[in-house]
Every structure is written in structure tokens, then in C-alpha cells.
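A.B. asks: Following this message is one structure expressed as C-alpha cells.
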Amino acid sequence: MQATMRMAGFFAAHSIWSISDGETLVPIVGSDGVGDVEEIDNCQISSYVIPMYDSNGALRSNRSLTRLIADPLEDAVKAGEKLMTRNPTHAPNAVLIFDGYITLRGHRTDALMLTIVEYAHDKSVRMSIPYRNAKSNEGFAVYKPKVIGLSNITENEVRPLVEDFWWGVEDHRRGAEIWNKYIDQSY
């Protein structure tokens, strides 16, 4: 599950970078490995391969990013959920990330919603990353990620994996830079 959480952190940082200018995130599915998704429901699909290098510049692995575009956005989220269930590329893991909301201290707050799956062990973690939209009067802010659901994994097992998530955030240099610049620990 360590590699899965690191992969999820990478794509979470990518998503933070994507919303930092005030735009709504186009739902994405990210995974380790390479695979091409041709079609799902009525979504427009864009797939990318992201090479991952070690500190010496050697290719460590590849990751796949699939953007799901549909109107309304909820249809893209449903397509992402189906993609996660079907796993047509036989990826070892995957994360679905989409824009949503969470209630914090009685207030509805924008949040990136993550469903993280490790297929071999049938484990999943659901997280939210609350944020303040860049178009608000106070400007952009990223709040502390929250674990909001677990399947076939305990809270005690997840705690040490949070460090792997943060290593994944750091793997995405631009996303990590923005996250660190706009972090707000108040929530």
C-alpha cells in the first residue's frame, strides 16, 4: 500500500496545481504503470504517460493519467468510478480525484475527493483535501487532508502510510511547491 499512497500523493499534488488558479478540476484517474483507456460511457478521454525518474535521472517507472471530460461533470465522476471498478488497464493501483465539497466546522467547503485503490489486496482509502477557491476574497488555500473512509484496511494501518502520501506530493515538484506555498493548517 506504500507505493499506492505515494502514487495518490503525486496525483493529489497535480490536482492542487490544476485548481490553484480557481478552475474546477476535470476528474482524473491516475495509476502506476502504463495503460490506455479508449472509451467509457459518454466521456471524452485524454490519457498521458508520466515518466518517473530517480534522483540520478534514471527512469524509475511510469504513471498514467486519464482525464475524464463530460457535461455535466457528475457524469465524468461516474465514468471514473466505473473505470476504477473495471480496471481495464490491469493497473496495480489507481486513484480517482474529483472536485466536491465537505463540511468543516459547519461550513460547506470545496474539497478534492480521492478514492485510492490497491487492487491486489482489495484495499481502499477515501480522502478529502479541503481547499479555499482561488476566486474567493481571501484567495487560494489548501487545508489538511482528511481520511474519510476505509475498506479492508484499518486506521492504524493507514497512519504510517500518510508519510508515503506526502512523499508522493513531493514527487510532483510544481504541485508540491504550490501546496507548500498555500498550506493553511487551520482546518
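A.B. asks: How much mean residue ellipticity at 222 nm does the chain get from its helices, if each DSSP H run of length 4 or more adds -39500 (n - 2.57) and you divide by all residues, to the nearest 500 deg cm²/dmol?
C.D. replies: Calculated from helices alone, the mean residue ellipticity at 222 nm is -9500 deg cm²/dmol.
A.B. asks: Right, something else. Taking the Cα centre of the chain as origin, work out the dipole magnitude from +1 charges on Lys and Arg Cβ and -1 charges on Asp and Glu Cβ, in debye rounded to 20.
C.D. replies: With Lys and Arg at +1 and Asp and Glu at -1, about 420 debye.
A.B. asks: Sticking with this structure for a sec: Give me the distance between the Cα centres of region 139-157 and region 1-57, rounded to whole Å.
C.D. replies: Their Cα centres are 18 Å away from one another.
A.B. asks: Please name whichever of Asn56, Ile129, Ala141 sits farthest to the positive end of the charge dipole of region 2-182, dipole taken about the Cα centre and charges placed at Cβ: Lys and Arg +1, Asp and Glu -1.
C.D. replies: Among Asn56, Ile129, Ala141, the one farthest towards the positive end of the dipole of region 2-182 is Ala141.
A.B. asks: Can I ask one more? Which order do Trp17, Trp167, Trp179 fall in if you start with the one that has the fewest other Cβ atoms within 10 Å?
C.D. replies: Numbers: Trp17 17, Trp167 14, Trp179 23.
Least to most surrounded, the residues fall as Trp167, Trp17, Trp179.
A.B. asks: Here are several values of volume of the Cα convex hull per residue in Å³: (1) 120; (2) 167; (3) 210. Which one was derived from the coordinates shown?
C.D. replies: Comparing each candidate, only (1) matches the computed number.
Read-outs throughout are calculated quantities, based only on the coordinates presented, and are distinct from any laboratory measurement. Model, not experiment: these values are computed from the prediction. Because the Cβ atoms are built from the backbone with ideal geometry, glycine has one as well, and the counts that use them run over all protein chains shown.
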